[in-house]
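Below: one structure, written as structure tokens.
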Number of protein chains: 6
Amino acid sequence: MSQLIEYENTSDEVRAIYDDIRATRQTDLINNFWKALANHPPTLKRTWETVKEIMGGPGALDPLTRELIYIAVSVTNGCEYCIASHIAAARQKGMSEAVLGELLAIVALANTTNRLANGYQVPIDQHLKSTN
Amino acid sequence: MSQLIEYENTSDEVRAIYDDIRATRQTDLINNFWKALANHPPTLKRTWETVKEIMGGPGALDPLTRELIYIAVSVTNGCEYCIASHIAAARQKGMSEAVLGELLAIVALANTTNRLANGYQVPIDQHLKSTN
Amino acid sequence: MSQLIEYENTSDEVRAIYDDIRATRQTDLINNFWKALANHPPTLKRTWETVKEIMGGPGALDPLTRELIYIAVSVTNGCEYCIASHIAAARQKGMSEAVLGELLAIVALANTTNRLANGYQVPIDQHLKSTN
Amino acid sequence: MSQLIEYENTSDEVRAIYDDIRATRQTDLINNFWKALANHPPTLKRTWETVKEIMGGPGALDPLTRELIYIAVSVTNGCEYCIASHIAAARQKGMSEAVLGELLAIVALANTTNRLANGYQVPIDQHLKSTN
Amino acid sequence: MSQLIEYENTSDEVRAIYDDIRATRQTDLINNFWKALANHPPTLKRTWETVKEIMGGPGALDPLTRELIYIAVSVTNGCEYCIASHIAAARQKGMSEAVLGELLAIVALANTTNRLANGYQVPIDQHLKSTN
Amino acid sequence: MSQLIEYENTSDEVRAIYDDIRATRQTDLINNFWKALANHPPTLKRTWETVKEIMGGPGALDPLTRELIYIAVSVTNGCEYCIASHIAAARQKGMSEAVLGELLAIVALANTTNRLANGYQVPIDQHLKSTN
């Protein structure tokens with residue numbers, strides 16, 4: 001386990017990021033994920049800026065859909081921390097139990113068909129090879 | 001590579017499923033995936049029924065969002081066939097290049113943060129542990 | 001792509017292993033896998049000895065069952081080479097299309113339920129925690 | 001963590017499935033996995049029916065071999081819950097410590113050779129490409 | 001397959017990044033990876049800046065060691081493109097066949113022991129739990 | 001969970017390996033990993049000999065670099081036990097927090113670009129296909 005860097009013990013550089021996390025998330029709470037990343041400030045800075053831009057910036061996908069995609073990846077990889085934190089985030093953005101159920105059903109299905117395609121060594125159809 | 005079972009060479013059981021695929025998809029084309037699964041009719045039947053229900057049945061998520069989730073899983077697993085076929089399916093359902101770009105950015109990000117959470121062995125915050 | 005080391009161009013050390021592969025497999029054919037590993041003789045030696053012992057040595061599991069387990073892992077990981085070579089090996093040991101179908105159905109199912117267990121963050125039941 | 005739906009608090013639809021699980025497994029105990037899936041009844045129903053058919057229905061593979069394949073996938077994916085529950089199930093079906101040892105040795109080996117094939121970018125041999 | 005955006009057909013924004021790639025890499029050649037990412041300019045920009053900083057910026061690890069770590073991940077995930085491009089990059093930075101052999105031996109070993117730890121459900125030793 | 005075989009309760013065969021682990025590691029402590037593997041002595045023997053040779057034997061890569069590669073794989077796979085034990089081992093061999101930070105940044109980056117290459121279905125450049 002890595003040390004968790006608390007707000008009180010940070011450098012100015014890290015504190016500025018913590019302040020931005022707090023302001024953006026509108027809560028004083030800083031998740032352990034960020035407190036662990038603060039062990040390597042360049043990673044903390046880059047990751048936070050990327051998360052802020054991709055998950056919260058302007059775009060065609062609404063914020064809840066973005067979280068659903070995030071959960072799909074985390075469940076496939078089996079990342080316990082990420083599953084817990086992004087299911088919580090998705091619920092805050094309005095995810096119902098029914099939507100979680102549908103999401104996990106699709107994730108489970110895709111993990112199945114991925115292996116059937118692998119196992120039957122299915123060649124890609126010509127009509128699926130065209131570029132965009 | 002498995003043999004691909006063409007429509008003309010199928011049993012009645014398989015042909016009925018092929019007919020349903022054609023009717024549901026509104027095209028005579030049957031993808032290689034299904035032609036490979038036809039080597040084991042119970043798998044063909046179960047997989048088609050599940051795909052039809054989860055990807056096309058009633059639910060809270062719209063059909064394009066379901067495809068995005070499917071792609072997220074397939075990209076994470078690196079299943080070439082599934083990536084090709086579901087990107088094609090998503091485009092048919094209206095996915096723009098911009099949406100594909102946003103989708104892949106989220107998938108890439110989640111794959112990164114999943115490993116940062118693993119590597120820093122981040123303990124799950126108490127407030128993220130509550131049940132639904 | 002790595003260079004494939006042909007029998008004629010090997011050192012004595014590698015040639016002895018190639019000879020053992022040929023004798024054990026009862027064929028002059030040496031698969032590309034071994035020809036690639038010959039780029040690093042200690043890896044070739046260790047891998048061949050381990051494969052020979054685990055897949056061909058004495059044990060409670062019959063040779064075909066061992067191949068089925070091997071395929072299950074390779075399909076889950078999406079290793080194209082390994083899927084192709086071990087499906088071929090399993091067919092040589094008597095695997096029918098029906099058995100391949102059942103095998104892939106189980107692999108597909110396990111990949112699905114693995115993600116459902118992840119996604120629903122299912123706590124391990126007390127009665128499943130006991131040691132052997 | 002998802003809420004675990006206890007027998008007493010279920011709908012008729014879920015209770016019928018719980019009853020079938022109890023009858024099939026010949027025990028009153030219902031594992032947490034099913035209690036979590038009950039949050040989304042269509043997933044509970046589909047998953048149970050598929051598990052029942054694939055793991056318990058007629059087929060060429062005996063029940064213990066099916067469990068071994070299941071464990072191979074779960075260990076490869078690192079799904080803690082599934083490893084614990086299917087090792088327990090396999091022991092109930094007669095898996096000895098020696099068989100578990102052989103199984104894990106094959107799983108470990110395949111995970112190694114999968115990466116050697118990837119890393120050396122081994123091209124598939126012509127004679128391994130033929131269809132069934 | 002995504003369209004590959006050639007230098008001649010880019011926007012000013014993308015061209016500036018292509019110019020920086022060329023200058024940094026000291027070659028006119030732009031890999032397909034970047035030409036594909038140019039379909040979504042924010043992803044191209046973010047990914048290039050991150051690669052430039054992490055793989056080429058100042059730090060404690062020398063450039064070749066960084067490539068070895070990159071290859072270890074790509075081989076584990078089975079990403080063909082990444083394996084090909086980073087093995088090429090590592091060779092340019094002086095990787096010998098012997099070092100590639102040692103690298104792949106470690107990657108293969110770790111993929112094996114990861115599954116043995118999973119399969120035997122090994123509890124983490126108390127003395128390994130302490131923080132940094 | 002598997003039973004952990006303590007030194008006092010082992011067969012002569014296992015004890016000899018435990019003794020070699022103790023002598024090589026210069027500590028009486030035997031990690032749970034080895035105590036679990038002792039349930040299947042051939043696996044214990046083969047794994048220990050391979051670890052000893054690959055991680056500790058002569059070679060071009062220094063011991064710390066070997067550990068970094070090991071951690072990269074374990075973090076990518078999400079193997080908790082392996083992450084904990086090899087981060088501890090790397091610290092014993094002199095890994096600073098800064099190096100851990102750089103390592104995890106590369107691992108996170110590679111996991112991202114692996115998926116971008118998958119998702120954009122990037123074809124391998126001709127100049128990257130040449131053999132060594």
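Some observations on this one:
- Residue check for residue C:46: more than 19 Å from residue D:122 (Cβ to Cβ) and among the basic types (Lys, Arg): no
- Members of region E:85-116 found to be surrounded by 21 or more Cβ atoms within 10 Å (Cβ to Cβ) and facing chain C (nearest Cβ under 10 Å), listed by number: E:87, E:100, E:101, E:102, E:103, E:104, E:105, E:108, E:109, E:111, E:112, E:115
Residue-wise test of (1) within 15 Å of the chain's Cα centre (by Cα); (2) free of Cβ contacts under 8 Å to residues at least 12 places away in the same chain.
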position: B:20; (1), (2): no, no
position: B:34; (1), (2): yes, no
position: B:64; (1), (2): yes, no
position: B:96; (1), (2): no, yes
position: B:103; (1), (2): yes, no
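- Picking from residues in region F:11-20 that are surrounded by fewer than 20 Cβ atoms within 10 Å (Cβ to Cβ) and of a type outside the set (Asp, Glu), the one that is modelled with the lowest pLDDT is F:11.
- Test: residue in region D:54-77 that is touching a Lys or Arg at 6+ places or on another chain (Cβ under 8 Å) and under 30 Å from residue C:43 (Cα atoms): yes
- Of the candidates D:102, D:80, the single residue that is out of contact with any Ser or Thr (no Cβ under 6 Å at 6 or more places or on another chain), more than 24 Å from residue C:56 (Cβ to Cβ) and at pLDDT 95 or above is D:80.
- Scanning region C:74-84 for residues that are without any contact (Cβ under 8 Å) to a residue 12 or more places away in the chain and either over 23 Å from residue E:111 (Cα atoms) or buried (at least 24 other Cβ atoms within 10 Å of the Cβ) (or both) gives C:77, C:79.
- Counting the residues of region C:1-24 that are within 14 Å of chain E (Cβ to nearest Cβ) and among the hydroxyl-bearing types (Ser, Thr, Tyr) gives 2.
- Residue count, region A:30-44 (criterion: among the β-branched types (Val, Ile, Thr) and away from chain F (no Cβ under 14 Å)): 1
- Pair list, Cβ < 7 Å and 6+ apart or interchain, from region E:1-14 residues that are under 18 Å from residue B:80 (Cα atoms) to residues that are among the β-branched types (Val, Ile, Thr) and part of a loop (DSSP other than H, G, I, E, B): E:1/A:131; E:2/A:131; E:3/A:131
- Lone unmet requirement of (1) under 14 Å from the mean Cα position of the chain (by Cα); (2) at negative phi; (3) not polar (S, T, N, Q) for residue F:78: (2)
- Failed criterion for residue E:93 (all others in (1) touching a Pro at 6+ places or on another chain (Cβ under 6 Å); (2) basic (Lys, Arg); (3) under 20 Å from residue A:46 (Cβ atoms) hold): (3)
- Test: residue D:71 is more than 30 Å from residue A:91 (Cα to Cα) and either surrounded by 23 or more Cβ atoms within 10 Å (Cβ to Cβ) or outside the structural domain of residue D:98 (by TED's automatic domain parsing) (or both): yes
- Residue count for region A:1-29, restricted to those that are closer than 30 Å to residue E:126 by Cα and among the aromatic types (Phe, Trp, Tyr): 1
- Among the candidates A:47, A:27, the residue that is outside any helix (DSSP H, G or I), hydroxyl-bearing (Ser, Thr, Tyr) and either more than 8 Å from every other protein chain (Cβ to nearest Cβ) or buried (at least 20 other Cβ atoms within 10 Å of the Cβ) (or both) is uniquely A:27.
- Qualifying residue in region C:99-116 (condition: among the basic types (Lys, Arg) and assigned to a helix (DSSP H, G or I)): yes
- Single condition residue E:59 does not satisfy, out of (1) more than 9 Å from every other protein chain (Cβ to nearest Cβ); (2) within 23 Å of residue F:101 (Cα to Cα): (1)
- Filter result (in a loop (DSSP other than H, G, I, E, B) and β-branched (Val, Ile, Thr)) within region C:10-24: C:10
- Across region F:117-132, the qualifying residues are those that are in a helix (DSSP H, G or I) and closer than 25 Å to residue C:4 by Cα, and the one among them that is farthest from the other protein chains (Cβ to nearest Cβ) is F:126.
The values are calculated or read from the model by the stated rules, or taken from the named source; none is laboratory data. Bear in mind that the values here come from a model prediction, so they are computed numbers and not experimental data. A quick note on method: Cβ atoms are made from the backbone with ideal geometry, for glycine too, and the neighbour counts reach across all protein chains shown.
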